[in-house]
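Everything below concerns the one structure shown next.
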């Protein structure tokens, strides 16, 4: 009899392709050019270091006592999120979490029973799957538009069944960098309203927004929460501060949500945070939130890296998406086999992420957190591997 | 149709008594004597503050990159845990977690399918229940000896069914302060070995040891992992450092576990940590672990508080357990109604935890993290409320 649980086995299967990639490619030489995960390759923000140190200095006997959501953190979030959305957000609608990862698990566990279905985008983040698979929730990969990578509203409509409870919208989108327009989101809202009515159960949007503040060229951003009342927002400080090793983020109830639904979710959040093995972040990181809200990686520098790498690739015939946000580039692997492409580049110590991790084996992702030096180092290898 | 999931509802029901207690009693005046949760009431350890600040100082570009278990942390844990157990512990058998809470959730999710049963002690910690209830695992409250609060091996043997997969052993025990002897643990091991054989599935021990280093009068401690190979150990730094707001602890595979089982669990840990919404602690807290291993609250001071409060209570006729470890006192509520007792004391601004939170409505718990001043302040109220 197997010792590990069925859920553990399913979770493992759902991320096998990620583990195999890590094992195969990420013996990455220290002198390689690393375009894989969204990790820092330069010194952390000085402001982040200062904020953590300041937050470690006790200001009361209960400084390191058990903390659920700290009031100064939820107040700061409510103010900034409300300003960004142009709608009033209440601090009580914010739950601080150990990163967006935990906020996503929290949202799923709040709303889903085993067998319930979650529509999530293909290509899309690879870690929705293990959370879903572990609990016996059903992930339904639903393709984005194959050319524009915009939301394919018809594909989402077709994927809805009586068991659908959540549609994940990730904008700005990992890995394509697309930002969805308000008009498109309104179209989606209309479909979800009608479908909820039809199936007799409310379909929620989980708006996965960790890249919300990483946008290029003044691109506008609309949260689905501003157009569809039954929206939960997850956010992480790990992207804008390039510090995913410090687990701080939140889940927010959409400001337009009807009172009864808001109250039902609010009452369930503490028990589910507890059931997740205490999903609230470290006290220090919560105290730091007002300061973290003022910090950002260097977006103009990121834009310059995007322009340099994207410009070179397109000039050499690579078919790439023009990203409006995130720190990723997404495009077609020359020859149509992203694993072969990744292997070829790895021989030149250039490490990219094959689309197999996103259920899109013909595409690949590049992460722009690589340094300018890494980009210059990698360009000859990209040029050599360019489409014929 | 209800919006929140069945699991969320079950988790909420399982801790309703805790939430109601918090709502009812913990409008606690700032000048009250607080003997409720295991929270600090004095300034944090200076060494802890210094360790966090030092760990926030970057030593590499990847300082705040995604971290699973950090090698320097698991090495420090393996060395100290091995020394305490007198058995070699491998760093690879340690997974760093966001506190013991997350380690417990991880252990359950590694081993349990919905419907599987976990035997856990009554009285006992109230947060096993919401984790179990949320996933549809079945908690089986099994009484300790009603007089000595020792493990009742016969009661455990009787509680075992074909669905039993885990027996939780919590020593030193919250709330009674009992530490179980090696002989008693060997008896339990024998029962579990025979039962595993009989039901055709391996029953594991989860050794919940966050109070392992908080012991009085030189009391010895034996981990179940030293006598039963199929043991997982969870540990938290939140007790010994009195800093539960900083989420750092670990899950360790018992050093005697057979290789095949060890490998099966090891392979499953990363996927389940991922499915928990990333259960690994903040980078800073992991870097601090070697330093945290050298720190402790003042055990002689804690012992003095135990002696003062326990001595007074016993002198006035209270029937109390003599704790060998933890920072709790446990005893019979005068009149046999712990809620009435807690209410009566609360009127005097003395806050205790009624046994209703531990499924033992006739007993109550006192937490010795209260200050000496709080103890002195509370003694007249305890004297007044003493058994007739």
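Quick look at the numbers
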read-out	value
For B:5, A:72, order by how many other beta-carbon atoms lie within 10 Å, fewest first	A:72, B:5
Cα gyration tensor shape for segment B:323-388, rounded if a/c is under 1.5, else prolate or oblate	oblate
Tensor-based shape of segment A:204-273 (alpha-carbon gyration tensor, a/c under 1.5 rounded, otherwise prolate or oblate)	oblate
Rounded if a/c under 1.5, otherwise prolate or oblate - segment B:98-252, Cα gyration tensor axes	oblate
Copy-to-copy label separations for residue A:301, where each label sits 7 Å from Cα toward Cβ, in nm and ascending	4.4
Which of A:274, B:356 has the fewest Cβ neighbours within 10 Å, and the rest in rising order	B:356, A:274
Cβ neighbours within 10 Å from other chains - mean over B:35-48	3
Pairwise label distance in nanometres, residue B:54 with residue A:62, each label 7 Å out on the Cα-Cβ vector	3.0 nm
Distances in nm from residue B:61 to the matching label points in the other copies, shortest first (labels 7 Å along Cα to Cβ)	4.8
Whole-Å distance, taken between Cα centres, linking segment A:363-378 and segment B:320-355	61 Å
Helix-only mean residue ellipticity at 222 nm for chain A, each DSSP H run of n ≥ 4 adding -39500 (n - 2.57), per residue, nearest 500	-12500 deg cm²/dmol
Sorted by Cβ density within 10 Å, fewest first, the residues B:284, A:222, B:266, A:36	B:266, A:222, A:36, B:284
Centroid-to-centroid separation of segment B:140-164 and segment A:1-67 [C-alpha atoms, Å]	39 Å
Ellipsoid equivalent to chain B - semi-axes via the Cα gyration tensor, in Å	32, 26, 21
Calculated FRET value between residue B:46 and residue A:148, using beta carbons and R₀ = 60 Å, to 0.05	0.55
Inter-centroid distance (Cα atoms) of segment B:212-257 relative to segment A:178-213, Å	46 Å
Bridge type composition, the protein assembly as shown - antiparallel percent by DSSP, nearest 5	45 percent
Antiparallel %, DSSP beta bridges [both residues in chain A], to 5	45 percent
Förster radius 41 Å - calculated FRET efficiency between residue B:20 and residue B:322 (Cβ-Cβ, nearest 0.05)	0.85
Spin-label model distance (nm) - residue B:263 vs residue B:163, 7 Å beyond Cα toward Cβ	3.2 nm
Cα-based convex hull volume of the protein assembly as shown per residue, rounded to whole Å³	148 Å³
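Values quoted throughout were computed directly from the atomic coordinates according to the rules given, and no laboratory measurement underlies them. Fair warning: this is a prediction, and the values are worked out from it, not measured in the lab. Please note: Cβ atoms are built from the backbone with ideal geometry, for glycine as well, and neighbour counts cover all protein chains shown.
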